1. Can you give the relative contact order of the chain as a percent, counting alpha carbon pairs under 8 Å and 6+ residues apart?
2. Divide by every residue of the chain the summed helix terms, -39500 (n - 2.57) for each DSSP H run of at least 4, and state the resulting mean residue ellipticity at 222 nm, rounded to the nearest 500 deg cm²/dmol.
3. How many nm separate the modelled label positions at Leu109 and Asp22, each set 7 Å beyond the Cα in the direction of the Cβ?
4. Rounded to whole Å, give me the distance from the Cα center of the stretch 112-148 to that of the stretch 48-67.
5. Could you size up the charge dipole of the chain around its Cα centre, putting +1 on the beta carbon of Lys and Arg and -1 on that of Asp and Glu, and report it in debye to the nearest 20?
6. Tell me the angle of helix 28-37 to the major Cα principal axis of the chain, expressed in degrees between 0 and 90 and rounded to the nearest ten.
7. Taking the 0 to 90 degree range and rounding to the nearest ten, how far is the long axis of helix 41-52 tilted relative to the main principal axis of the chain, both from C-alpha atoms?
8. As a test question: what accessible area, to the nearest 10 Å², does Leu154 have when a 1.4 Å probe is rolled over all protein chains in place?
Amino acid sequence: MNALDEVLTRARSLVDRWEDEDCGTVTVKDFCRYAAALNDADYIDRARKREATGEPVEAPVLFLAATMSWEDGPPERELRPDGLATRESPCTAGLPVRQVHGGQTVRLLRAPVAGSRVTASRAVTSAERKQGRSGPFVLLGLTTRFTSTDGTELTAVDETIVVMEALDSPGAA
């Protein structure tokens, strides 16, 4: 079985099997760090003023969708050759493949508020083998749903990942 067939087999065995990740309690500091990365000083000023007066502080619009990981992040030596962490590389562990993100759709339903606990539920939703001008590839569909502790859905992200043979693997295009 070649690497793409293995990715397809692994992915199909995971379709619609949801895994939950506790993202922890989101804070104004988390929101402001994200806003600073976007150079959004106005958000930071508004958030800090609301925090100082005891008012609820909502996250910036794409905060949940843009956060790639809720962990500190892997050291560089633990990244895959394509620069991705294992978490962003479903069904590919140990295989000579490379990936690119094929697109993303974000549904913003309700902004998380500082002090609330968030859970991310993620599943592979589809897996298809395709053929392109540069050769075969596997198209993975993934969905991540972010919810509050009461089960309210905050944000949902549907993404597509294109998995190809590594450039240096036998038979790669």
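The values are calculated or read from the model by the stated rules, or taken from the named source; none is laboratory data. These numbers come from a predicted model, not from an experiment. Positions of Cβ are generated from backbone atoms using ideal geometry, with glycine treated the same way; all protein chains shown enter the neighbour counts. Heavy atoms of the whole protein, side chains included, go into the accessibility calculation; ligands, DNA and RNA do not. Shrake-Rupley method; radii C 1.70, N 1.55, O 1.52, S 1.80 Å.
1. Computed value for the chain: 30 percent relative contact order.
2. -6500 deg cm²/dmol
3. 2.2
4. The two parts, judged by their Cα centres, are 25 Å apart.
5. 260
6. Compared with the principal axis, the helix lies near 60 degrees.
7. It is inclined by approximately 50 degrees.
8. 10
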